[in-house]
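K.L.:
Let me give you the structure first, and then I'll get to my questions.
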Amino acid sequence: MIEPGRPVKDISISKDSEINQIFQEMAESGGFESRNITEGLEILSSMIENKDCLKFLSFIGAIISTGFRGIIKDMIKKKWFDVVFTTCGALDHDIARHFSNYKEGSFSMDDKILAEQDMHRLGNIIVPLESYGPVIEEKVQSVLEQVYKTGKKEMSTADITRELGKIMGEDSFLYWAYKNDIKVIVPGIMDGAVGSQIWMFSQNHPDFKLNLIDDANFISSLVFKAKQSGALLLGGGVPKHHALWWNQYRDGLDYAVYITTAQEFDGSSSGALVKEAISWGKVTQDAKQTTIHAEITTVFPFIFKALLHRLEK
């Protein structure tokens, strides 16, 4: 026999309603995705406040091309997470936006004309050619050369992101990761502009090596001794799966919040709900977990505001 829950309550919002009051109203409304959003807030609050929890943040690179970069930076600045998994694109955009500027565009712009004007389009963000490739090439080659001259000829992705963070400013998530000694690990680092520059550097320095095993050793040193673990997964792909994959070695994540627009019917990793990872031992059977089907830059600013209200009260 199935026992239904409490009665559905209509949402009531006034001009004086605070952000947490609104989330409480959403939690009691029984409404579709709003329930997942409010569950996500509860899970993240508990996870971040848990001193015994090893906390992972994973995110896709594209959101760093947008103003959402500021929220990623602020979460790392506030030391909410212990380890970051991301894509090479996140490094590319963090460097490019610190040393240059991206522009507002639209999804309907003519890509042929943009190509003729030396402009790339990333959704509704315009990336001028001179703000991307040349800037990243100059900065990455300079950093690698400086490190190489000190005698260091082998680096992990965590080493590389740390060195990049040193040349950045306070608007950069890489800077705050470096400042707070939070490792940024990029499993697919060769898939992007920074990765291409690492390869190009190796062509002129054949004894230079990229050591991904060192990244794995670092992650394992944390995971195997963690009392509990949790993850905020912003978008799918390799960063999401890396956070899940490593936690199977400690019987799974105890907390997990996943935000995605991908659907599970195509069998992709990005579309897979967090609860699917329970069958693989990557999330514990009694974990506090939810999947929020929404576009990250639309919903997470409100979750972030609610988290600030709770955690800094």
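K.L.:
Filter the range 145-174 down to residues that are of a type outside the set (D, E, K, R) and touching a His at 6+ places or on another chain (Cβ under 8 Å) and give me whichever is nearest to PHE208 (Cα to Cα).
P.N.:
Looking at residues that are of a type outside the set (D, E, K, R) and touching a His at 6+ places or on another chain (Cβ under 8 Å), I get TYR148.
K.L.:
Out of ALA256, ALA277, report the one residue that is surrounded by 18 or more Cβ atoms within 10 Å (Cβ to Cβ), farther than 24 Å from PHE23 by Cα and among the hydrophobic types (A, V, I, L, M, F, W, C).
P.N.:
Only one candidate qualifies: ALA277.
K.L.:
Let me ask another. Could you please find all residues in the range 25-40 being polar (S, T, N, Q), at pLDDT 90 or above and out of contact with any Ser or Thr (no Cβ under 7 Å at 6 or more places or on another chain)? Before you say what the answer is, go through the steps one by one.
P.N.:
Let us first name the residues in the range 25-40 that are polar (S, T, N, Q), namely 29, 34, 36, 38.
Those still in the list that are at pLDDT 90 or above too: 34, 36, 38.
Across the range 25-40, the qualifying residues are SER34, THR38.
K.L.:
Scan the range 161-191 for residues that are over 16 Å from HIS98 (Cβ atoms) and either under 16 Å from the mean Cα position of the chain (by Cα) or in contact (Cβ under 8 Å) with a residue 60 or more places away in the chain (or both) and jot them down.
P.N.:
Within the range 161-191, ASN180, ILE182, LYS183, ILE185, VAL186, PRO187, GLY188, ILE189, MET190, ASP191 qualify.
K.L.:
Right, here's the next one. For the range 231-247, does any single residue satisfy the condition of being out of contact with any Leu (no Cβ under 7 Å at 6 or more places or on another chain), polar (S, T, N, Q) and either part of a helix (DSSP H, G or I) or in contact (Cβ under 8 Å) with a residue 40 or more places away in the chain (or both)?
P.N.:
no
K.L.:
Next up: Going through the range 45-63 one residue at a time, which ones are in a helix (DSSP H, G or I) and in contact with a Ser or Thr (Cβ under 8 Å, 6 or more places away or on another chain)? If you could, list the steps in order and put the result at the bottom.
P.N.:
Kept after step one, since they are in a helix (DSSP H, G or I), are these residues of the range 45-63: 45-49, 61-63.
Scanning the range 45-63 gives GLY61, ILE63.
K.L.:
From the list THR291, THR297, THR260, which residue is among the β-branched types (Val, Ile, Thr), closer than 19 Å to GLU39 by Cβ and in contact (Cβ under 8 Å) with a residue 60 or more places away in the chain?
P.N.:
THR291
K.L.:
For the range 145-162, state whether one or more residues are closer than 25 Å to THR297 by Cβ and out of contact with any Asp or Glu (no Cβ under 9 Å at 6 or more places or on another chain).
P.N.:
Yes; the residues of the range 145-162 include at least one that is closer than 25 Å to THR297 by Cβ and out of contact with any Asp or Glu (no Cβ under 9 Å at 6 or more places or on another chain).
K.L.:
Looking only at the range 206-230, which residues are assigned to a strand (DSSP E or B) and within 19 Å of ILE48 (Cβ to Cβ)?
P.N.:
Correct list: GLN228, SER229, GLY230.
K.L.:
Another question, then. Before we move on, is LEU222 crowded, with 21+ Cβ neighbours inside 10 Å and within 29 Å of GLU276 (Cβ to Cβ)?
P.N.:
For LEU222, the condition - crowded, with 21+ Cβ neighbours inside 10 Å and within 29 Å of GLU276 (Cβ to Cβ) - is not met.
The values are calculated or read from the model by the stated rules, or taken from the named source; none is laboratory data. These numbers come from a predicted model, not from an experiment. Because the Cβ atoms are built from the backbone with ideal geometry, glycine has one as well, and the counts that use them run over all protein chains shown.
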